[in-house]
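Contents: one structure, followed by commentary.
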Amino acid sequence: MENLLKDYLPKLALPQVLKLLENEHLTVKIKAERKTRHGDYKRLPNGKHQITVNSNLNEYRFLITLVHEIAHFEAYKNYGHFIKPHGIEWKRCFQHLMLPFFNPGIFPLELLPLLANHFKNPKASSDTDVRLSLALKQFDEPNDKAYVFEVPLGSVFKIYNGRLFKKGHKRVKRYECVEVNTGKLYLFNPNVEVEMI
């Protein structure tokens, strides 16, 4: 397991992560990029448990995602399968498991206050926390994408699956965007990466 994970995690996080993964019924797989998720957890038909995490994540997002999925395993183990996937049991497990990683030897100082705020009430995806998501993205490999909040009003952009949208006004937190082909209105988080047209 150490050889599998050492290139994906902050160095000082590895020993603690390996302790969390000490279970013969739990396996971790590194997957190619999936656009709709950073990772997932599932109980397999044979009774074993599997966690997958995308290989393209920066080391800080990879750690958060891996611990997020380990929290699903722990919540299942402790509370059974009748709980909500991102309910209170999972939130408590996630908070408890992440706490030892909140130190400047593992995360950069500028991320620690954002992480502390996020983990007061963690959500199903760290991407819904716009401030944390944008802060984490600064550690990604550079690319030619723009964020929705950077796209000029009325401009057309393309998302990962090729669909085209025209940017509209901001509501409270998200932007109204009209799909060019269908005229349907969608709401976009400001931190969604898109390709300018």
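Values in this text are rule-based calculations from the coordinates and carry no lab data. Just so it is clear, the model here is predicted, and its values are computed rather than measured. In this analysis, Cβ positions are derived from the backbone assuming ideal geometry, glycine residues included, and neighbour counts consider all displayed protein chains.
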_Just to be sure I understand: with springs between alpha-carbon atoms less than 10 Å apart, which residue in 161, 121, 56 has the highest mean-square fluctuation in the Gaussian network model of the chain?_
161
*Among 84/137; 35/167; 29/77; 42/123; 19/137; 137/158, which pairs are too far apart, with a Cα-Cα distance over 24 Å?*
84/137; 19/137
*Just from its helices, what would the mean residue ellipticity at 222 nm be for the chain, if runs of 4 or more DSSP H residues each count -39500 (n - 2.57) and the sum is divided by every residue, rounded to the nearest 500 deg cm²/dmol?*
-8500 deg cm²/dmol
*C-alpha long axis of helix 88-98 to longest principal axis of the chain, angle in °*: 80
*Once you mark the GluC sites (Glu not before Pro) that are in a DSSP loop and have at most 15 other Cβ atoms within 10 Å, what is the longest gap between them in the chain?*
111-197
*Once you mark the trypsin sites (Lys or Arg not before Pro) that are in a DSSP loop and have at most 10 other Cβ atoms within 10 Å, what is the longest gap between them in the chain?*
36-119
*Lys and Arg at +1, Asp and Glu at -1: add these up for the other residues within a Cβ distance under 13 Å of residue 19 and post the number.*
-3
*asked:* Within a 10 angstrom radius of the beta carbon, how do 111, 12 rank from fewest other beta carbons to most?
replied: 12, 111
*So which residue, out of 119, 157, 82, gets the largest mean-square fluctuation from a GNM of the chain using Cα contacts under 10 Å as springs?*
82
_Let me make sure I get this right: for the chain, a, b and c are the square roots of the gyration tensor eigenvalues over alpha carbons, sorted descending. Under 1.5 in a/c it's rounded, otherwise prolate if a/b > b/c, else oblate. Which is it?_
prolate
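Classify segment 146-196 as rounded, prolate or oblate from the Cα gyration tensor: take a ≥ b ≥ c as the square roots of its eigenvalues, call it rounded if a/c is under 1.5, otherwise prolate when a/b beats b/c and oblate if not.
Note, shape of segment 146-196 comes out oblate.
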*Of the DSSP beta bridges with both residues in segment 1-145, give the percent that are antiparallel, rounding to the nearest 5.*
45
*Quick one: net charge around residue 124, please, counting Lys, Arg +1 and Asp, Glu -1 for every other residue with C-beta under 13 Å from its C-beta.*
0
*Count charges around residue 156 for me, please; just the other residues with Cβ under 12 Å from its Cβ, Lys/Arg as +1, Asp/Glu as -1.*
+2
*Could you please tell me the mean projected area of the C-alpha convex hull for segment 7-84, averaged over all directions and given in square nanometres to one decimal?*
5.6
